[in-house]
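Notes for the one structure printed next.
The values are calculated or read from the model by the stated rules, or taken from the named source; none is laboratory data. Everything quoted here is computed from the prediction, not taken from an experiment. Methodologically, a virtual Cβ is constructed for each residue, glycine included, from the backbone with ideal geometry; neighbour enumeration extends over all protein chains shown.
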Amino acid sequence: MKATAILRSSLLALLCLSGKAEAQSEKPRLQTVWCSVPDSNEPRLFISNPVQLASHSFIVINTYSGRFARTVNARFGQHLPLESNYCHSFPNASRAAMARADVIARASAHNVRIMTVSVF
């Protein structure tokens, strides 16, 4: 009886320790995000550089989108709503870079000026 109780408690302790070790060894998966919005008055496309966010949360992405809108509004005199979503998210940096390059190539083919926006 005592032996099984000791065995159970030691197994529980090992399971708890292994769970903590796995949780500590897991790195957060990064998500790559970039934002873009066309100008309604001129043939321009405002686009940000890709950044990596540690969270896949819609709130985090929307917060970054609001920062992008504030930056475009302040630097270029636009009136973008801060609550709208201007960001595109991808699971890794290479997919984000390919999609961003595709958008830039398509815009350039239509003689649209590309305005790179640095978001802080």
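Identify, please: which residue in the range 69-86 is over 22 Å from residue 110 (Cβ atoms) and touching a residue at least 24 places away in the same chain (Cβ under 8 Å) and is, among those, surrounded by the most Cβ atoms within 10 Å (Cβ to Cβ)?
Here the answer is 69.
Looking at the range 87-98, which of the residues that are of a type outside the set (S, T, N, Q) and surrounded by 16 or more Cβ atoms within 10 Å (Cβ to Cβ) is farthest from the chain's Cα centre (by Cα)? Spell out the reasoning first.
Taking the range 87-98 and keeping what is of a type outside the set (S, T, N, Q), we get 87-88, 90-91, 93, 95-98.
Remaining after also requiring surrounded by 16 or more Cβ atoms within 10 Å (Cβ to Cβ): 87-88, 90, 96.
On the way: 87: 8, 88: 8, 90: 7, 96: 10 Å.
Here the answer is 96.
Kindly indicate the residue of the range 40-59 that is surrounded by 16 or more Cβ atoms within 10 Å (Cβ to Cβ) and free of Cβ contacts under 8 Å to residues at least 60 places away in the same chain and also nearest to residue 104 (Cα to Cα) among those meeting that condition. Explain how you work it out, then say what you get.
From the range 40-59, those surrounded by 16 or more Cβ atoms within 10 Å (Cβ to Cβ) are 44-48, 50-51, 53; that's our starting set.
Checking which are free of Cβ contacts under 8 Å to residues at least 60 places away in the same chain leaves us with 50, 53.
Details: 50: 13, 53: 22 Å.
The extreme case among them is 50.
Across the range 19-32, what is the total count of residues that are outside any loop (DSSP other than H, G, I, E, B) and at pLDDT below 90? Steps first, please.
Taking the range 19-32 and keeping what is outside any loop (DSSP other than H, G, I, E, B), we get 19-25, 31-32.
Then keep just the ones that are at pLDDT below 90; that gives 19-25.
Counting residues in the range 19-32 that are outside any loop (DSSP other than H, G, I, E, B) and at pLDDT below 90 gives 7.
Just one of 16, 35 is at pLDDT 85 or above and either of a type in the set (A, V, I, L, M, F, W, C) or surrounded by 10 or more Cβ atoms within 10 Å (Cβ to Cβ) (or both); which is it? Step through it out loud before you land on a result.
Values: 16 fails: at pLDDT 85 or above.
Matching residue, one of 16, 35: 35.
Tally time: how many residues in the range 99-111 are surrounded by 12 or more Cβ atoms within 10 Å (Cβ to Cβ) and at positive phi?
Step one: of the range 99-111, the residues surrounded by 12 or more Cβ atoms within 10 Å (Cβ to Cβ) are 99-100, 103-104, 107-108.
Cutting the leftovers down to at positive phi gives us none.
Matching residues across the range 99-111 total 0.
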